[in-house]
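Working notes for the structure below.
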Amino acid sequence: MSKKHFLAFDLGASSGRAILGTLEKGNLELQEIHRFKNQMIRIHGSYYWNIYSLFDELKTGLKKCVNEYKIQPDSIGIDTWGVDYSLVSASGQLVGLPFAYRDHRTDRAMEEFFRVLPKEETYLLSGIQFMQFNTLFQLFASNKEKHSRLNIAKSLLFTPDTLNYLFTGVKKNEYTIASTSQMLKPGKAEWEEKLVNASGISKDLLETIVQPGEVIGTILAEIQEDTGSAGIPCIAVASHDTASAIASVPAEDGNWAYLSSGTWSLLGIESPTPLVSEETLRMNFTNEGGVDGTTRFLKNIMGMWLIQECKRIWDEEKEMDWQEIVDLACEAEHFKCLINPDDPVFLNPGNMPKAIQEFCKKTGQAVPQTKGEVARCIYDSLVLKYKYTIHQVESVTGKKIDKLHIIGGGARNEMLNQLTADATGIPVWAGPTEATAIGNLMIQAKALGEVSSLSEIRAIVKRSFEPQEYVPAANLDWDAAYEKFLKLT
């Protein structure tokens, strides 16, 4: 195995990074070379992403890699959050800024869509969890509002597809990101025409689907000129950030589950086939595309968004660091109040602490008053939701989960990791924290022939980034708290 350098662009809903990965002798080393903020912008009451600013930041990352760090990467790869998309005109220009998934135009889209295509049929055709911001419902809402951009558009590209296009001029839809749209057949890289038609768009807008590890194209000459880079390939990695993260889980054989912990908490298992039934419909599980023919059977849970939004409000009074919030939560009383993290009121309330207080008041509980009590309410509620979701996975598969791998930024929160082990009663292995970037980098390595399989990727990850174990401790009455939580779901 020769020494190779790969550059991963990992974009989340609040920030983005350029991570340089060096693979040598079966070991991967990381170096963050550029970090930038990402946030929705509000224009005339609608929420958008500034895709042009994001593209500029990616070029800055590549330029820094080449000029400041004196390393020419062998390839680049881009991963982002799911569901959002850009539209491209026949002449190749983007048709306006892309909507952000928290835009309120989809608030009633699902119930209106089900008048066109029933809920059960929609799920059985797609296998995807119902969330109001899925691409299917975004397109339906835009079509219903007669947005003129749909009439101009000739192509639909998901967010990483869009950035790949800006780098290469090549328009493709990558499989894992396309699977978040709720417009693919379960477990297949094929558009489901009945769903596409029900959305109100033409199938002609959709591009050819490519698998993780395929080369999209070479970066354009103008990008080379702007950054000083050579003409390197842009790889279609597992472009949905969760798909890249799961590819890097340092797991071995056994009945393990993963929790990708970030703005969202994505909890589930890696399945060889989709699990689509009336039972999984009732539980609202999703079946998204994974690497090497696998399916990500999981549930999207409103994760660190809850505490991130609280911090944003609290910072207006006085800026806090994350450890201070954890310390305040540790001092507060356990189980004084709980929330259902996935209640729609928490999707984008504007003032998260107030929304939590109002939920507790409405459900007849003690109302959290201090920052520590609000944070404690969030953390306790999240781990109880993890317990609930693991029980659901076990009931569907008939297999007992014996290990939970927590990956992503949330794996840094030692208190939350221990609470998760305590609440679920199963060992937790935390790390790597940079799981998404690592998965991105390793799929690039696979595309260039440096590794051959998903199992080899995971062996390299485990060797390069040792996870930390958390053993369950029976120091609180989690069963009583769980009964209280169940009444809120």
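The values are calculated or read from the model by the stated rules, or taken from the named source; none is laboratory data. The structure displayed is predicted, hence computed values, not measured ones. Note that each Cβ is placed from the backbone with ideal geometry, even for glycine, and that neighbours are counted across all protein chains shown. Areas reflect the complete protein model, heavy atoms only, side chains present, ligands, DNA and RNA absent. Shrake-Rupley method; radii C 1.70, N 1.55, O 1.52, S 1.80 Å.
Just a few scattered comments:
- Test for Thr263: is it of a type in the set (Ser, Thr, Tyr), farther than 23 Å from Leu416 by Cβ and surrounded by 16 or more Cβ atoms within 10 Å (Cβ to Cβ): no
- Selection of region 142-165 for residues being without any contact (Cβ under 8 Å) to a residue 60 or more places away in the chain, among the polar types (S, T, N, Q) and assigned to a helix (DSSP H, G or I) yields Ser142, Asn143, Asn151.
- Region 198-211, residues that are in contact with a strand residue (DSSP E or B) (Cβ under 6 Å, 6 or more places away or on another chain) and either over 21 Å from Glu145 (Cα atoms) or polar (S, T, N, Q) (or both): Glu207, Ile209, Val210
- Among the residues of region 232-259, those identified as buried (at least 24 other Cβ atoms within 10 Å of the Cβ), of a type in the set (A, V, I, L, M) and in contact with a strand residue (DSSP E or B) (Cβ under 9 Å, 6 or more places away or on another chain) are Ile235, Ala236, Val237, Ala238, Ala243, Ala245, Ile246, Val249, Ala257, Leu259.
- Leu384 in contact (Cβ under 8 Å) with a residue 12 or more places away in the chain and surrounded by fewer than 23 Cβ atoms within 10 Å (Cβ to Cβ): no
- From Leu139, Leu30, Leu62, Leu117, residue being touching a Leu at 6+ places or on another chain (Cβ under 9 Å) and assigned to a strand (DSSP E or B): Leu30
- The C-beta contact set for region 26-55 (first residue over 22 Å from Val66 (Cβ atoms), second residue among the hydroxyl-bearing types (Ser, Thr, Tyr) and not in a helix (DSSP H, G or I), distance under 7 angstrom, 6+ apart or interchain) comprises Lys37/Ser15; Asn38/Ser14; Asn38/Ser15; Gln39/Ser14; Met40/Tyr47; Met40/Tyr48; Ile41/Tyr48; Ile51/Ser86.
- Test result for Pro472, assigned to a loop (DSSP other than H, G, I, E, B) and open to solvent by less than 40 Å² (accessible area, probe 1.4 Å): no
- Annotation note: Cβ proximity below 8 Å between a residue of region 395-418 that is at negative phi and modelled with pLDDT of 95 or more and a residue that is open to solvent by 50 Å² or more (accessible area, probe 1.4 Å) and assigned to a helix (DSSP H, G or I) (sequence gap 6+ or interchain) occurs for Ser395/Glu279; Val396/Glu279; Asn413/Trp322; Met415/Cys330.
- When region 393-421 is filtered for residues that are open to solvent by 20 Å² or more (accessible area, probe 1.4 Å) and assigned to a helix (DSSP H, G or I), the ones remaining, listed by number, are Glu394, Ser395, Val396, Thr397, Gly409, Arg412, Glu414, Met415, Gln418.
- Screening Gly431, Gly425, Gly449 for residues that are farther than 25 Å from Glu174 by Cα, at pLDDT 95 or above and surrounded by fewer than 19 Cβ atoms within 10 Å (Cβ to Cβ) leaves exactly one candidate, Gly425.
- Among the residues of region 279-329, just one is among the basic types (Lys, Arg), closer than 18 Å to Pro341 by Cβ and touching a strand residue (DSSP E or B) at 6+ places or on another chain (Cβ under 8 Å), namely Lys299.
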